[in-house]
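Chemist: Let me give you the structure first, and then I'll get to my questions.
No lab work stands behind these numbers, since they all come straight from the coordinates. Remember, it's a predicted structure, so these values are computed and weren't measured experimentally. Every residue, glycine as well, gets a Cβ built from its backbone with ideal geometry; the counts of neighbours run over all protein chains shown.
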Amino acid sequence: MLLLTPKDHFGLLSFAEGVELMRAGYEEEASAPVKLSNPRTRTNTPEGFRMVVHQGVTPSRDGAATGIRAEKVQIQKNGIQKYIGRGRPVFVVYDTNTAELLMIMIGEPKPQGYEDVHAMAGFQTACCAAYGTSLVASPNARKVGILGSGGQARLHLGALASSREIDSVVVYSPNKDHRENFASEMGRLLGLEIAAVDNTGAVIENSDLLLVCTNSNVPVLD
């Protein structure tokens, strides 16, 4: 059995590889005679603790996996959800031919250049979104707008940039320092010109692809 800690698996997967794995997984599920995955489940306590479980099987790769994570959330007076605790996720992989335990992996997968980025299921979610964008968006859609400047925003832009040409990026966050740091750091990492703006309207007006990357549980768009 293989045991991987974060330092063992950091940088093993690129965004391009992650997007391709998403494509292969969705196509396999679409053609399978049985259901290969189940929706995410959450088990909650009244005090705001929750356990989150993901599971799926990929017969073509002889693998079945479960991902599990713990979160502590607090609903503030304005109704907005705030994370006050996040445990490291654990991924468990089995061989579908023998049912043998193959691997336990601790921590989120992260590509090179994103070692300091923190987002729950961020890499997987970003690669899934990039693959979905390739199916529904015009290949000529190259102006990207982003609402949010945290870990999810960074990973989503990285995944999208790995799968299509991007001409321009506009980002908004209510925190001026956050959006300006995002523009500077991600622009340097991806070799893109990124403009930080002070309102959502400027993002929407200057983009034909919009990434809404926020953990808000209340609407952020009218």
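Chemist: To the nearest 0.05, what FRET efficiency results for V136 and K35 with a Förster distance of 22 Å applied to their C-beta separation?
Modeler: On the way: r = 23 Å, r/R0 = 1.06.
So, using R0 = 22 Å, E works out to roughly 0.40.
Chemist: Find the lysine pairs in region 2-110 meeting two conditions, Cα atoms under 24 Å apart and a separation of 8 or more places or different chains, and report how many there are. List each step's numbers first, then the result.
Modeler: On the way: K7/K110; K72/K82; K72/K110; K82/K110.
The number of close lysine pairs in region 2-110 is 4.
Chemist: What 222 nm value per residue comes from the helices of the chain, counting each DSSP H run with n ≥ 4 as -39,500 (n - 2.57) and dividing by all residues, nearest 500 deg cm²/dmol?
Modeler: Counting only the DSSP helices, I get -9500 deg cm²/dmol.
Chemist: From the backbone phi of region 130-140, what are the Karplus-calculated ³J(HN,Hα) couplings (6.51 cos²θ - 1.76 cosθ + 1.60, θ = phi - 60°) in whole Hz, Gly and Pro given as x?
Modeler: Each residue of region 130-140 in turn: 5, 5, x, 4, 5, 7, 10, 9, 4, x, 8 Hz.
Chemist: Would you work out which of V57, I104, G85 lies farthest towards the positive end of the dipole of region 1-132? Charges go on Cβ: Lys and Arg +1, Asp and Glu -1.
Modeler: Positive-end residue among those listed: G85.
Chemist: Just how large is the dipole of region 18-97 about the Cα centre, in debye to the nearest 20, putting +1 at every Lys and Arg Cβ and -1 at every Asp and Glu Cβ? Don't skip to the answer; put the middle values down first.
Modeler: Numbers: 12 positive and 8 negative charges, 134 e Å.
Once rounded to the nearest 20, the dipole reads 640 debye.
Chemist: If I model a spin label at S14 and Q112 as a point 7 Å from the Cα along the Cα→Cβ vector, what separation in nanometres do I get?
Modeler: Here the answer is 0.8 nm between the modelled labels.
Chemist: Semi-axes of region 62-120's equivalent ellipsoid from the Cα gyration tensor, sqrt of 5 times each eigenvalue, largest first, rounded to whole Å?
Modeler: 31, 16, 8
Chemist: Okay, next question. Which is farthest toward the positive dipole end of region 125-212 among A126, A137, F182, measuring Cα position about the Cα centre, with Cβ charges +1 (Lys, Arg) and -1 (Asp, Glu)?
Modeler: A126
Chemist: Using θ = phi - 60° and the Karplus curve 6.51 cos²θ - 1.76 cosθ + 1.60, what whole-Hz ³J(HN,Hα) does each residue of region 39-48 get, with Gly and Pro shown as x?
Modeler: Using θ = phi - 60°, the values come out as x, 4, 10, 10, 10, 10, 10, x, 7, x Hz.
Chemist: Now for a different question. Using the beta-carbon distance between S216 and L192 and R0 = 35 Å, what value does 1/(1 + (r/R0)^6) give for FRET efficiency, to the nearest 0.05?
Modeler: On the way: r = 25 Å, r/R0 = 0.72.
It comes out at approximately 0.90.
Chemist: Compute the FRET efficiency between V90 and E205 as 1/(1 + (r/R0)^6), taking r as their Cβ-Cβ distance and R0 = 41 Å, and round to the nearest 0.05.
Modeler: With R0 = 41 Å, the Cβ-Cβ based efficiency is 0.45.
Chemist: By its C-alpha gyration tensor, with a ≥ b ≥ c as the square roots of the eigenvalues, how is region 142-222 shaped: rounded for a/c under 1.5, else prolate for a/b larger than b/c, else oblate?
Modeler: rounded
Chemist: Counting DSSP beta bridges in region 2-110, what percent are antiparallel, to the nearest 5? Write out the running numbers ahead of the final one.
Modeler: Working: 32 of 35 bridges.
Once the DSSP bridges in region 2-110 are tallied, antiparallel ones form about 90 percent.
Chemist: For Q81, put the label point 7 Å out on the Cα→Cβ axis and report which residues of region 199-220 keep their amide N under 20 Å from it.
Modeler: Once the point is set 7 Å along Cα→Cβ of Q81, 211-220 turn out to lie under 20 Å by backbone N, inside region 199-220.
Chemist: Mind listing the phi-derived Karplus ³J(HN,Hα) values for region 2-14, rounded to whole Hz, using 6.51, -1.76 and 1.60 with θ = phi - 60°, and x for any glycine or proline?
Modeler: Karplus values, whole Hz, x for Gly and Pro: 9, 10, 10, 9, x, 5, 6, 9, 4, x, 5, 10, 8.
Chemist: Of all DSSP beta bridges located in the chain, what percent are antiparallel, nearest 5?
Modeler: Taking every DSSP beta bridge within the chain, about 65 percent pair in antiparallel fashion.
Chemist: Ranking request for peptides 163-172, 23-32, 187-196: highest mean number of other beta-carbon atoms within 10 Å first, then the rest in descending order.
Modeler: Per-residue Cβ counts within 10 Å, averaged per peptide and sorted highest first, yield 163-172, 187-196, 23-32.
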